[in-house]
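Novice: One structure follows; several queries about it will come next.
The values are calculated or read from the model by the stated rules, or taken from the named source; none is laboratory data. Model, not experiment: these values are computed from the prediction. We place every Cβ from the backbone using ideal geometry, glycine too, and count neighbours over all the protein chains shown.
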Amino acid sequence: MGHIRESIHIDAPIDHVWEVTADCRRLPEWNVNVFEVNDCPDRLDRVGAKYRTVARVMGRRIEGTSETTKADRPHVFAFKGTTPGGHVTATATFTEVGGGTDAMIEADYELPGGLFAGIAERLLSGSIERDFRHSNENFKALCEATVPGRA
């Protein structure tokens, strides 16, 4: 099983960061792997909210299902996702700092592949970490660019 953890500072109010987090329709705007979201409820910030994603990972189309497992507005959002043979659990913790938001994002994941999953994880961990980092950078940019009242 792999583990990734990253901290970022977002120059946007915590409530706005939460609003972007809670809108699954925005996932393709910042998550570098997700290109389609289906069965998206109005909001994700309630435990049990489910949605389906279509992602492209290592050139392969992968469909998955995700479910909110914790929603403590505006401080903690967690979900679990499953794909054929793999899964991820992730938690984002938000802390208000001045007019901005510090975010700590952690994810544990298991790749498909049965006996070969450990080998695949070692081979792909750099790519997974790069995509994770790039997605967080995109999330930060989206939050900062869409703050209401900013020109």
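Novice: Does S66 satisfy being assigned to a strand (DSSP E or B), under 20 Å from K140 (Cβ atoms) and not basic (K, R)?
Specialist: Values: assigned to a strand (DSSP E or B): yes; under 20 Å from K140 (Cβ atoms): no; not basic (K, R): yes.
No, not satisfied.
Novice: Can you name the condition, by its number, that T95 falls short on among (1) without any contact (Cβ under 8 Å) to a residue 40 or more places away in the chain; (2) touching an Asp or Glu at 6+ places or on another chain (Cβ under 7 Å); (3) farther than 19 Å from D131 by Cα; (4) not aliphatic (A, V, I, L, M)?
Specialist: That leaves (1) as the condition not met.
Novice: Pick from the stretch 84-110 the residues that are over 18 Å from H3 (Cβ atoms) and in a strand (DSSP E or B): which of them is farthest from the chain's Cα centre (by Cα)?
Specialist: V97
Novice: Can I ask one more? Are there any pairs with C-beta distances below 6 angstrom linking a residue in the stretch 12-34 that is at negative phi to a residue that is assigned to a strand (DSSP E or B) and charged (D, E, K, R), with the two at least 6 apart or on different chains, and if so which?
Specialist: The qualifying pairs are I14/E96.
Novice: If only one of S125, S135 is assigned to a helix (DSSP H, G or I), closer than 19 Å to V32 by Cα and modelled with pLDDT under 90, which one is it?
Specialist: Sole residue among the options that is assigned to a helix (DSSP H, G or I), closer than 19 Å to V32 by Cα and modelled with pLDDT under 90: S125.
Novice: Does the stretch 1-34 hold any residues that are modelled with pLDDT under 95 and over 13 Å from the mean Cα position of the chain (by Cα), and which are they?
Specialist: Within the stretch 1-34, M1, G2, H3 qualify.
Novice: Which count do you get for residues in the stretch 49-63 that are of a type in the set (G, A, S) and either outside any strand (DSSP E or B) or at pLDDT 95 or above (or both)?
Specialist: 2
Novice: Next up: For I8, all conditions in the list (1) surrounded by fewer than 19 Cβ atoms within 10 Å (Cβ to Cβ); (2) of a type in the set (A, V, I, L, M); (3) in contact with a helix residue (DSSP H, G or I) (Cβ under 9 Å, 6 or more places away or on another chain); (4) more than 23 Å from T146 (Cα to Cα) hold save one; what is the number of the exception?
Specialist: (4)
Novice: On to the next question. Out of curiosity, is A71 in contact with a strand residue (DSSP E or B) (Cβ under 8 Å, 6 or more places away or on another chain), aliphatic (A, V, I, L, M), at pLDDT 95 or above and in a strand (DSSP E or B)?
Specialist: yes
Novice: On to the next question. How many of the residues in the stretch 58-82 are of a type in the set (A, V, I, L, M) and either loosely packed, with under 13 Cβ neighbours inside 10 Å or under 21 Å from M1 (Cβ atoms) (or both)?
Specialist: 3
Novice: Let me ask something additional. If I go through the stretch 94-122 residue by residue, how many of them are modelled with pLDDT of 95 or more and acidic (D, E)?
Specialist: Qualifying residue count, the stretch 94-122: 3.
Novice: Test of understanding: among P84, P74, P28, which residue is farther than 25 Å from R130 by Cβ and not aromatic (F, W, Y)? Outline the logic, then answer.
Specialist: Working: P84 fails: farther than 25 Å from R130 by Cβ; P28 fails: farther than 25 Å from R130 by Cβ.
The conditions single out P74.
Novice: Residues of the stretch 38-57 being among the β-branched types (V, I, T) and surrounded by fewer than 15 Cβ atoms within 10 Å (Cβ to Cβ), which ones?
Specialist: Once the filter is applied, which keeps residues that are among the β-branched types (V, I, T) and surrounded by fewer than 15 Cβ atoms within 10 Å (Cβ to Cβ), the stretch 38-57 yields only V47.
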